[in-house]
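Structure first, then comments.
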Amino acid sequence: MDDQGAASPAAKSRFAAPLSAALVVGAVGVSAGMFGSGCLLTNINADECESSAACVVAFGLGSSCADGYCTEAGSCSTGHDCRRLYNGGACVEGRCVNQLPADPIGACTIHEPEDLASRPLAGEGSPLIVGGMFRMGDTADPPMSEGGRLAILEINDVSRLNEGREIAMVICDNGGTDNELLDEARRQQIHTVTDYLAGTLGVPFITGPVTSSDSLTTLSHILSNQYPTLMISPSATSPQLTVEPDKLDPENDAYGLFWRTAPSDEAQGAILAEHVVGKYPAPGDPSMTHVAVVYIDDAYGVGLANVFSETWTGAGHTTDLFPFTETTDWDQLGGMVAQAAPDAVLMIAIDAARAIFFATAMSQQPAISGQTLYLTDGSKDETGLLDPNLPPEVQAILYNQTVGTAPAAPSGTDFDFFAAAMQAEFQLDPRAFAFVANTYDAAYVGAFGAVFASQDGSNWDGRNVAAGLARLHHGPGSPLVTIGKNDWATAKAGLTTGDKAIEITGISGGLDFDAALGEAPAPIEVWRPSADCGGAPCFAEVAIINL
């Protein structure tokens with residue numbers, strides 16, 4: 001049998017061991033009763049058939065009805081093989097199947113379109129499946145995932161992919177219930193989800209994961225298994241990801257498999273050190289020279305703490321470093337920071353909850369209770385920092401002594417249209433959550449890459465998508481595209497005709513990708529929690545700073 005599954009004389013013979021084929025069918029929930037008298041899996045001695053369609057259902061893509069018997073299906077190692085052979089399909093137990101198999105741990109149950117599981121994965125009307133990885137048990141991530149889903153809905157609502165093919169997204173949870181998985185359990189969850197998306201389904205790109213640590217774990221697993229799947233994180237900002245190896249073949253691959261629509265913390269850390277600490281809230285305070293850096297002990301926290309410490313230079317400038325983990329005793333940590341007697345505290349956390357834990361401990365230490373508290377993008381969450389039920393002494397620190405930095409919040413007419421679409425589709429205001437627009441941009445960016453990669457047929461994967469992403473910042477003369485459905489047709493035409501390049505602007509901001517790094521610069525916002533913004537608490541913008 002050749003790669004296309006054509007029936008050779010040997011392949012036309014009856015299966016010697018139909019049990020293996022039955023296992024393939026069982027993996028996707030298909031029973032012999034679905035196709036009557038043809039290709040009966042209960043036939044021990046023969047697999048007779050009346051139609052090739054029945055053979056595909058029973059044994060997989062590439063199996064056909066020849067001389068009254070089902071031929072062998074096409075073999076595969078990953079779903080990428082199935083796309084090359086049949087322009088779709090999933091790889092289950094070495095065979096390309098035409099139905100969406102369930103993931104083994106029930107972590108990938110959100111589909112866009114919602115009826116994806118009932119659709120064929122190859123042939124007429126089949127979609128291109130891409131992936132999403134989010135911490136669905138965390139309050140911040142479901143809104144981000146809906147930003148990605150909106151992009152899929154919009155693309156399908158206009159002219160779809162090349163030749164009118166739909167795009168679909170399978171969204172997986174990589175953090176467990178309430179995002180509680182830690183250490184080895186978390187690694188195993190990420191590995192299993194990655195095996196399903198990049199292995200079984202062979203998705204060309206994944207939108208996500210959200211955090212730098214989860215992104216590094218996913219990237220490592222992709223490389224170790226040689227999955228040709230691209231990652232586009234909307235919010236992983238660690239500088240480590242800039243230099244982390246991300247090519248399957250470092251000698252021959254032109255572009256890496258990790259990209260992001262959020263800026264590296266190289267910019268945020270430098271701006272904190274040079275333009276924020278000691279400048280806000282009291283501009284030009286020369287007495288602020290000693291900073292305690294309290295940081296989460298992961299890729300995000302270590303990376304940002306290092307950039308700040310290396311940039312915080314000058315006469316008498318010093319830092320003390322205090323890492324924390326999920327098991328940290330916050331009262332004890334507050335006492336240790338107070339003993340260091342800093343002029344200010346920089347808190348680097350991935351969520352508002354940890355910032356509140358530390359602010360509570362800080363309020364109980366007279367040596368630091370009146371000092372400035374600097375926060376970073378991970379803590380900018382309205383549902384946490386602006387909670388009206390926080391103790392008064394904690395609110396006093398947050399509203400009177402706290403200044404934060406983050407990639408600048410999106411704004412402008414295009415963002416307003418995006419916000420209206422999110423409200424209409426998901427009843428969600430993206431202004432209330434960080435990185436929703438970045439996720440929307442990431443899904444569109446991946447789809448741009450897929451348009452470029454798939455224009456010449458089915459023999460492509462995530463490396464070709466990366467080559468497409470390198471065509472999104474091509475300079476003067478290329479068609480100008482604003483991410484969103486209004487410019488989708490322009491983007492498709494620009495990537496498949498002429499120079500096959502476009503110049504994009506994201507809803508989250510400018511996306512002037514450096515193709516060698518897989519990232520783009522972005523301005524940094526200085527913000528502060530305010531108790532009264534027209535009668536309600538809010539995050540007030542203090543300044544926008546560019547490096």
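The values are calculated or read from the model by the stated rules, or taken from the named source; none is laboratory data. Being a predicted model, the structure only gives us computed values, none of them experimental. Virtual Cβ from ideal backbone geometry, glycine too; neighbours counted across all protein chains shown.
Quick grid of which residues meet (1) within 30 Å of Ala501 (Cβ to Cβ); (2) in contact with an Asp or Glu (Cβ under 7 Å, 6 or more places away or on another chain); (3) not in a loop (DSSP other than H, G, I, E, B); (4) not polar (S, T, N, Q):
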| site | (1), (2), (3), (4) |
| --- | --- |
| Ile350 | no, no, no, yes |
| Pro388 | no, no, no, yes |
| Leu398 | no, no, yes, yes |
| Phe417 | yes, no, yes, yes |
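Just to be sure before I move on: is Met336 over 24 Å from the mean Cα position of the chain (by Cα), surrounded by fewer than 17 Cβ atoms within 10 Å (Cβ to Cβ) and of a type outside the set (Asp, Glu) in the structure I sent?
For Met336, the condition - over 24 Å from the mean Cα position of the chain (by Cα), surrounded by fewer than 17 Cβ atoms within 10 Å (Cβ to Cβ) and of a type outside the set (Asp, Glu) - is met.
Say whether the condition of being surrounded by fewer than 17 Cβ atoms within 10 Å (Cβ to Cβ) and of a type in the set (Gly, Ala, Ser) is met by at least one residue in the stretch 286-296.
The answer is yes; a qualifying residue exists.
Does Phe59 meet the test of being buried (at least 21 other Cβ atoms within 10 Å of the Cβ), in contact with a strand residue (DSSP E or B) (Cβ under 8 Å, 6 or more places away or on another chain) and modelled with pLDDT under 95?
Yes, satisfied.
Could you look through the stretch 369-408, keep only residues that are free of Cβ contacts under 8 Å to residues at least 60 places away in the same chain and among the hydrophobic types (A, V, I, L, M, F, W, C), and pick out the one that is surrounded by the most Cβ atoms within 10 Å (Cβ to Cβ)?
My answer is Leu375.
Take the residues in the stretch 152-183 that are of a type in the set (Gly, Ala, Ser) and touching an Asp or Glu at 6+ places or on another chain (Cβ under 8 Å); name whichever of them is surrounded by the most Cβ atoms within 10 Å (Cβ to Cβ). Give the derivation first.
Step one: filter the stretch 152-183 for residues of a type in the set (Gly, Ala, Ser), giving 159, 164, 168, 175-176.
Subsequent filtering for residues that are touching an Asp or Glu at 6+ places or on another chain (Cβ under 8 Å) retains 168, 175.
On the way: Ala168: 22, Gly175: 24.
By that ranking, first place goes to Gly175.
What's the total number of residues in the stretch 57-106 that are in contact (Cβ under 8 Å) with a residue 12 or more places away in the chain and within 25 Å of the chain's Cα centre (by Cα)? Spell out the reasoning first.
We begin by selecting, within the stretch 57-106, every residue in contact (Cβ under 8 Å) with a residue 12 or more places away in the chain; these are 57-105.
Cutting the leftovers down to within 25 Å of the chain's Cα centre (by Cα) gives us 77-84, 87-92, 99-105.
Of the residues in that region, 21 qualify.
Filter the stretch 490-542 for residues that are free of Cβ contacts under 8 Å to residues at least 40 places away in the same chain and touching a Lys or Arg at 6+ places or on another chain (Cβ under 8 Å) and give the result.
Gly494, Ala501, Ala540
I need every pair where a residue in the stretch 165-177 that is touching a residue at least 24 places away in the same chain (Cβ under 8 Å) and acidic (Asp, Glu) has its Cβ under 7 Å from the Cβ of a residue that is part of a strand (DSSP E or B) and surrounded by 18 or more Cβ atoms within 10 Å (Cβ to Cβ), sequence separation at least 6 or different chains.
Asp173/Phe134
Answer with yes or no whether Pro430 is outside the structural domain of Tyr255 (by TED's automatic domain parsing), under 18 Å from Ala352 (Cβ atoms) and within 19 Å of the chain's Cα centre (by Cα).
Considered against the rule, which asks whether it is outside the structural domain of Tyr255 (by TED's automatic domain parsing), under 18 Å from Ala352 (Cβ atoms) and within 19 Å of the chain's Cα centre (by Cα), Pro430 comes out as yes.
Would a scan of the stretch 310-319 turn up a residue that is of a type outside the set (S, T, N, Q), crowded, with 18+ Cβ neighbours inside 10 Å and at pLDDT 95 or above?
Yes; the residues of the stretch 310-319 include at least one that is of a type outside the set (S, T, N, Q), crowded, with 18+ Cβ neighbours inside 10 Å and at pLDDT 95 or above.
Only one of these is in contact (Cβ under 8 Å) with a residue 40 or more places away in the chain, touching a helix residue (DSSP H, G or I) at 6+ places or on another chain (Cβ under 9 Å) and not assigned by TED's automatic domain parsing to the domain that holds Ser212: Phe448, Phe418. Name it.
Exactly one residue qualifies, and that residue is Phe418.
I'd like to verify a number: residues in the stretch 276-297 that are at pLDDT below 95 and under 28 Å from Ser508 (Cα atoms), how many?
Total meeting the criteria: 3.
Would you call Asp138 in the same structural domain as Pro209 (by TED's automatic domain parsing), more than 15 Å from Pro234 (Cα to Cα) and assigned to a helix (DSSP H, G or I)? Reasoning before the result, please.
Details: in the same structural domain as Pro209 (by TED's automatic domain parsing): yes; more than 15 Å from Pro234 (Cα to Cα): yes; assigned to a helix (DSSP H, G or I): no.
Criteria not met by Asp138.
Give the residue that is modelled with the lowest pLDDT, with candidates limited to residues of the stretch 483-514 that are surrounded by fewer than 18 Cβ atoms within 10 Å (Cβ to Cβ) and of a type outside the set (D, E, K, R).
Gly510
Considering only the stretch 188-205, I want to know if a residue exists there that is buried (at least 23 other Cβ atoms within 10 Å of the Cβ), touching a helix residue (DSSP H, G or I) at 6+ places or on another chain (Cβ under 6 Å), outside the structural domain of Phe59 (by TED's automatic domain parsing) and assigned to a strand (DSSP E or B).
Within the stretch 188-205, one or more residues are buried (at least 23 other Cβ atoms within 10 Å of the Cβ), touching a helix residue (DSSP H, G or I) at 6+ places or on another chain (Cβ under 6 Å), outside the structural domain of Phe59 (by TED's automatic domain parsing) and assigned to a strand (DSSP E or B).
In the stretch 136-151, which residues are among the small types (Gly, Ala, Ser) and surrounded by fewer than 18 Cβ atoms within 10 Å (Cβ to Cβ)?
Listed by number, the list holds a single entry, Gly137.
Might you check whether a residue that is outside any strand (DSSP E or B) and touching a Gly at 6+ places or on another chain (Cβ under 6 Å) occurs anywhere in the stretch 66-73?
yes
Does Val465 count as within 30 Å of Leu85 (Cα to Cα) and β-branched (Val, Ile, Thr)?
yes
Here is a list: Gly269, Gly256. Which entry is out of contact with any strand residue (DSSP E or B) (no Cβ under 6 Å at 6 or more places or on another chain) and assigned by TED's automatic domain parsing to the domain that holds Ala540?
Being out of contact with any strand residue (DSSP E or B) (no Cβ under 6 Å at 6 or more places or on another chain) and assigned by TED's automatic domain parsing to the domain that holds Ala540 holds for just one of Gly269, Gly256, which is Gly269.
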